[in-house]
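Asker: There's a structure below that I have some questions on.
The values are calculated or read from the model by the stated rules, or taken from the named source; none is laboratory data. Being a predicted model, the structure only gives us computed values, none of them experimental. For neighbour counting, all protein chains shown are included, and Cβ atoms are generated from backbone atoms with ideal geometry for every residue, glycine included.
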Amino acid sequence: MTQLGIQLIIFGKRGGEDLPGVLADVKAAGYDGAEVGNPTTSIAAYDYKQLFDDAGLACAGYHTGVSALTDLDHVRETAAHMNIVGARHLMAGGKWPDAAGYEDAARTLNAAGEVLESEGIRLCYHNHNWELFALPEGGTGMEILLHQTDPGYVNFCFDLFWVACGGEDLVSFLQTYGHRADYLHYKDGTFDPETHQPLTFTELGNGQVKLVEAHRVVQTLSPTWITTEQDRVAEGGSPAASAKLSADYARGVLGV
């Protein structure tokens, strides 16, 4: 059964200053859980779990950078923290200037993914637009990551906005590579189709992303989590109100 989550980036600094209040807003908006940064160095696992339990929410996953995965002892500590909290997906992203950088990232992901898989955690690479840009050597970073990571150890958290912003046909992309995703980010906004750069981030249904068409493909994949992500709200806007609008769209229009 697919659950609906939210990435807490929309709440900005408040996520670190008032997590109980943020989680209460998430619950009131109609979500099943929330995705967070990596809290392993800031709060004890059992205390963190209690915050989610008190809110009646699941922890959908943690988010970190690929650079943090080179230390496998740290990876094991993160897995132990996640298992106590109940999070089963670790998202990781990065950016490199050339093919060698992406090839090295693939090796890092494979090694960390093997450790995490042994602990019951799925490692998911989270994309932006730049992985879809041509590299100096030809090809793209996304092609390297897809072909040089082991599907047994590395999944993908495809971000629908960034895939579309990066110039891909979203439906075709998901039809081709969706089998590598057990977790997806649903994000909407506007972008320049010529430069492939973002312009605004919006609540679901208010931007250029073909969410309805994409969701038809996603439904055939049966992901564990569909998580909304809005990097920021309009100036003067309310993160809680935006979160609810996206949840209402995901539930009411998409049927998540």
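Asker: Which residues, counting only those in the stretch 1-53, are β-branched (Val, Ile, Thr) and assigned to a loop (DSSP other than H, G, I, E, B)?
Answerer: Those that are β-branched (Val, Ile, Thr) and assigned to a loop (DSSP other than H, G, I, E, B): THR2, THR40, THR41, ILE43.
Asker: Out of GLY56, GLY33, GLY37, GLY61, report the one residue that is in contact with a Gly (Cβ under 7 Å, 6 or more places away or on another chain) and either surrounded by fewer than 15 Cβ atoms within 10 Å (Cβ to Cβ) or of a type in the set (Gly, Ala, Ser) (or both).
Answerer: Selected residue: GLY33, the only one of GLY56, GLY33, GLY37, GLY61 that is in contact with a Gly (Cβ under 7 Å, 6 or more places away or on another chain) and either surrounded by fewer than 15 Cβ atoms within 10 Å (Cβ to Cβ) or of a type in the set (Gly, Ala, Ser) (or both).
Asker: I need a count of the residues in the stretch 106-119 that are without any contact (Cβ under 8 Å) to a residue 40 or more places away in the chain and either outside any helix (DSSP H, G or I) or in contact with a strand residue (DSSP E or B) (Cβ under 8 Å, 6 or more places away or on another chain) (or both).
Answerer: The qualifying residues number 1.
Asker: Is the stretch 182-193 home to any residue that is outside any helix (DSSP H, G or I), hydrophobic (A, V, I, L, M, F, W, C) and within 18 Å of the chain's Cα centre (by Cα)?
Answerer: The answer is yes; a qualifying residue exists.
Asker: Filter the stretch 68-86 for residues that are touching a strand residue (DSSP E or B) at 6+ places or on another chain (Cβ under 9 Å) and within 25 Å of GLU131 (Cα to Cα); which is surrounded by the fewest Cβ atoms within 10 Å (Cβ to Cβ)?
Answerer: Among residues in the stretch 68-86 that are touching a strand residue (DSSP E or B) at 6+ places or on another chain (Cβ under 9 Å) and within 25 Å of GLU131 (Cα to Cα), the one surrounded by the fewest Cβ atoms within 10 Å (Cβ to Cβ) is ALA68.
Asker: Could you please find all residues in the stretch 120-174 being free of Cβ contacts under 8 Å to residues at least 24 places away in the same chain and either closer than 19 Å to ILE6 by Cα or among the β-branched types (Val, Ile, Thr) (or both)?
Answerer: Hit for the stretch 120-174 is THR140, nothing else.
Asker: So for the stretch 211-223 (the condition being part of a strand (DSSP E or B), under 24 Å from ALA181 (Cβ atoms) and not β-branched (Val, Ile, Thr)), does at least one residue qualify?
Answerer: Narrowing the stretch 211-223 to residues part of a strand (DSSP E or B): none.
No, the conditions are met nowhere in the stretch 211-223.
Asker: Given the criteria surrounded by 24 or more Cβ atoms within 10 Å (Cβ to Cβ), among the basic types (Lys, Arg) and touching a residue at least 24 places away in the same chain (Cβ under 8 Å), does LYS210 qualify?
Answerer: no
Asker: While we're on this one: Could you run through the stretch 8-44 and say how many residues are more than 16 Å from the chain's Cα centre (by Cα), within 19 Å of ALA250 (Cβ to Cβ) and touching a residue at least 60 places away in the same chain (Cβ under 8 Å)?
Answerer: The total comes to 5.
Asker: Select from the stretch 89-115 the residues that are surrounded by fewer than 23 Cβ atoms within 10 Å (Cβ to Cβ) and of a type in the set (A, V, I, L, M) and write down the one among them that is nearest to GLU137 (Cα to Cα).
Answerer: ALA99
Asker: Can you confirm whether the stretch 74-81 contains a residue that is modelled with pLDDT of 95 or more, basic (Lys, Arg) and more than 20 Å from the chain's Cα centre (by Cα)?
Answerer: Yes.
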